[in-house]
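The values are calculated or read from the model by the stated rules, or taken from the named source; none is laboratory data. Keep in mind that this is a model prediction, so the values were computed, not measured. Reconstructed Cβ throughout: ideal geometry from the backbone, glycine too, with neighbour counts over all protein chains shown.
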C-alpha cells in the first residue's frame, strides 16, 4: 500500500494481531506558531502490532525522531490520536511501558556498567539485591556480564550501546524505542550489533520501533519498514518483510533481501519527491 507525499497514508502494520503496541490516527505535530511554524508530522495514521520490529526510514528532517519522541511522551501532538500500549503516551511513560535507547549511549561515566544498568531500578525503589540480579541478567542478555565492574570509558562505542540497551530493558518494558543507536559506529561494529539486536528481539518477544537512515539495516532488522516523506512527515508506504524470521548477515546478499531493499529505495524516492 502506498501514497504520494501529498496524501496521508492510512496503513496498518499489525496483521491479524489482537493487541497493538502503538496506534496513531491523524497525528500531526508542529513546532512554533503562525508563519514561523514548522510542521514536523502531518496526518500520520499508523498501527504497530505487538511483537513486531518496525523501522522508520526517510529523508533527514522528515519527523522519524519526532514520531519516536511523541510515542515516548517527550513531544506533544498538536492534533490527532496517539496510544501506546492502549494508554496515552503519558500514562505509558508513568507505567514504564517502554524503554528508550538514544543515538548516544548517555551512560554516567562515574558509575560502573552494572550501576548504569541498575539506575532505572534505583529510581523505582527496588531492593539492592534485586537490582544487582536484574543488572546481571540483562548484561548476560547483551553479552557483557564480564564488563559489569568496568566503567563506560573502558568500553568501545558498540559495547556502550549494548549497555544502553541493557539499561532500557532492565525494567522489562514491552516496547523498545531506538533512535538510530548505531549510526555513529563503524560498519563492522554496526553489522555485529544489528545481528545481536535481531537475536535479542527474537529471544525477548518485545516490540521494537527503530529509527534509521540505512536501508540494509532497516531491511535486516524489521518485520515492517515504514517509509516516510520529506517534511512534513507522512507515511509513504509500509513494507512488510518477506524474509525468514531468523536471519544471518549473509542473508543480505540473497535475491529476496536485495529485492526488498530495492522496494524500500523506490519508496524513498517517492518520499523525497522524485519519480
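General remarks:
- Among the residues of the stretch 172-187, at least one is out of contact with any strand residue (DSSP E or B) (no Cβ under 7 Å at 6 or more places or on another chain) and farther than 26 Å from residue 216 by Cα.
- You will find that of 41, 56, the residue that is more than 15 Å from the chain's Cα centre (by Cα) and buried (at least 23 other Cβ atoms within 10 Å of the Cβ) is 41 and no other.
- Restricting 16, 63, 99 to residues that are within 25 Å of residue 267 (Cα to Cα) and either surrounded by 19 or more Cβ atoms within 10 Å (Cβ to Cβ) or modelled with pLDDT of 95 or more (or both) narrows the list to 63.
- Within the stretch 139-156, if we keep just the residues that are in a helix (DSSP H, G or I) and in contact with a helix residue (DSSP H, G or I) (Cβ under 7 Å, 6 or more places away or on another chain), the residue that is surrounded by the fewest Cβ atoms within 10 Å (Cβ to Cβ) turns out to be 145.
For every residue, the table says whether it meets (1) more than 19 Å from the chain's Cα centre (by Cα); (2) under 21 Å from residue 45 (Cβ atoms); (3) without any contact (Cβ under 8 Å) to a residue 24 or more places away in the chain.
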site: 212; (1), (2), (3): no, no, no
site: 225; (1), (2), (3): no, yes, no
site: 233; (1), (2), (3): no, yes, no
site: 251; (1), (2), (3): yes, no, no
site: 267; (1), (2), (3): yes, yes, no
site: 270; (1), (2), (3): yes, yes, no
site: 273; (1), (2), (3): yes, yes, no
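- Just one of (1) closer than 19 Å to residue 139 by Cβ; (2) in contact with a helix residue (DSSP H, G or I) (Cβ under 6 Å, 6 or more places away or on another chain) fails for residue 111. It is (2).
- Hits in the stretch 102-138 - residues which are over 19 Å from the mean Cα position of the chain (by Cα), loosely packed, with under 15 Cβ neighbours inside 10 Å and not in a helix (DSSP H, G or I): 108, 109, 110, 111, 125, 127
- Screening residue 244 against (1) farther than 26 Å from residue 25 by Cβ; (2) within 15 Å of the chain's Cα centre (by Cα); (3) not in a helix (DSSP H, G or I) leaves a single unmet condition, (2).
- Residue match in the stretch 116-126 (condition: modelled with pLDDT under 95 and under 22 Å from residue 50 (Cα atoms)): no
- Residue among 263, 190, 203 that is part of a helix (DSSP H, G or I) and at pLDDT 95 or above: 263
- Scanning the stretch 218-234 for residues that are closer than 20 Å to residue 71 by Cβ and part of a helix (DSSP H, G or I) yields a total of 2.
- Failed item, numbered, when residue 237 is tested on (1) in contact (Cβ under 8 Å) with a residue 40 or more places away in the chain; (2) within 20 Å of the chain's Cα centre (by Cα); (3) in a loop (DSSP other than H, G, I, E, B): (3)
- Residues (under 21 Å from residue 160 (Cβ atoms) and surrounded by fewer than 17 Cβ atoms within 10 Å (Cβ to Cβ)) located in the stretch 205-221: 213
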